[in-house]
Amino acid sequence: MSAPVFSLAPMAGFSDSVFRRICGELGADFAVSEMISAVALAHRDKKTARLAKIEAGEPPVVLQIFGHDPSVMAEAAELLLSGDYPGCGYAAPPVGIDLNMGCPMKKIVNNGDGCALMNAPALAARIIEAVKPVCVRHGVPLCVKFRAGWDRVTAPDFARTAAEAGADKITLHCRTREQMYAPCADPSVAEAVANALQKLGPGVPLPKLFGNGDVDSPAAARRYFDAGCVGAAVGRAALGNPWLFSELKNGERFSPPAREEIVSMILRIVRESAAAYGEVVGVRESRGRAACLLRGLRGSAALRDRLNRAATVAQFESILAEWLAI
């Protein structure tokens, strides 16, 4: 049996090139970008180019798109894989396209995108069928991410539909849309999906199955592997603990990072974000990332409040230096 694979899951506002590079250095085998609007790509929206950039030093990157029009999704995949999109720029080409059919956010599903597609499996299949030839032409796999279901578990049937339409890899978030992010994810849904995929008809290639949801320790990851997954996608747990990838690769718990190591990570994020996006945007986007890394530490509430008012990298540095000196 080959070694399990660990990826950084797509998270809007977090899974940018800075964080992907950090997680890759710490052990992530590959990373999935923030979700990118296929409609915005089709309209050549300049702001969307930033989401599609792949910088030097990143692990292999899969670009994720969302939408509900098969032709527009295929056009978006072609633009991204060909690099024919102003401003997207790749230090290394994307290694796959991921179709978002699992986002539970109201503003996404109300447009018929994300997890809303689980209520329209025939349309979901047409999207996969439209994008698959684009991926084949560029020699990369087509991935599909979805949830356990909308308000009940329908993932086994949806997974078979996705596989028959041409999905090469499936990432399953083991909660329904109704559950959002609580209670705990249920890996038994992954087992049901794995069993359903084993019953695919002759001539239908078996997609690789990745589990997602509450992967916050080697033990949690093993629950997905025992259920039949070949890999695990790590999302929110990595935001406060990117060192988790090192733990997962070694299969054992590590000592929590010291305050100095956490501060060093925060400083790296704010400095690299400022360099990538400009100081104003970089500092603003680093506040939430710092809050995730500081959660649970003594005095962190007051520290987060101060950092949320910081406007420059120098202010970030000064506030964190004072906190370390306490």
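Read-outs throughout are calculated quantities, based only on the coordinates presented, and are distinct from any laboratory measurement. Not measured: the values here are computed from a predicted model. For neighbour counting, all protein chains shown are included, and Cβ atoms are generated from backbone atoms with ideal geometry for every residue, glycine included.
Here are some notes:
- The simple spin-label model puts a point 7 Å past each Cα toward its Cβ; for S246 and A92 those points are separated by 2.0 nm.
- Once the Cα atoms are used to define both axes, helix 279-294 deviates from the longest principal axis of the chain by about 90 degrees.
- Dipole of the stretch 27-161, positive direction: furthest Cα of M73, N110, S33, with charges on the beta-carbon: N110
- Under 5 Å between amide hydrogens, built in the peptide plane, is the criterion, and for I36 it picks out Q64, I65, F66 among residues at least 5 positions away or on other chains.
- Residues with amide H under 5 Å from that of T154, placed H, sequence gap 5 or more: G149
- Candidate lysines for bridging to K169, where Cα separation is under 25 Å - those fewer than 8 sequence places away on the same chain excluded: K53, K132, K145, K199, K208, K249
- Filtered chymotrypsin sites (Phe, Trp or Tyr not before Pro), the stretch 150-205: DSSP coil and at most 13 other beta carbons within 10 Å: Y181
- Gain upon complete extension [E260, A301; 0.36 nm per residue less C-alpha separation]: 13.0 nm
- Residues with amide H under 5 Å from that of G96, placed H, sequence gap 5 or more: L63
- Antiparallel beta bridges, as assigned by DSSP with both residues in the stretch 5-250, represent about 0 percent of the total such bridges.
- Ranking of M265, M35 by neighbouring Cβ atoms within 10 Å, starting from the fewest: M265, M35.
- Loop-resident sites, the stretch 158-239, for GluC sites (Glu not before Pro), counting at most 13 other Cβ within 10 Å (DSSP): E178
- Coupling constants for the stretch 58-67 follow from the phi torsions by the Karplus curve (6.51 cos²θ - 1.76 cosθ + 1.60, θ = phi - 60°), and in residue order they are 7, x, x, 10, 9, 9, 9, 10, 9, x Hz; glycine and proline get x.
- Among the trypsin sites (Lys or Arg not before Pro) within the stretch 1-105, those in coil by DSSP and having at most 13 neighbouring Cβ atoms inside 10 Å are R44, K46, K47.
- Note, ³J(HN,Hα) from phi for the stretch 308-321, Karplus 6.51, -1.76, 1.60, rounded to Hz, x at Gly and Pro: 5, 9, 5, 10, 9, 4, 4, 5, 4, 4, 5, 5, 5, 5
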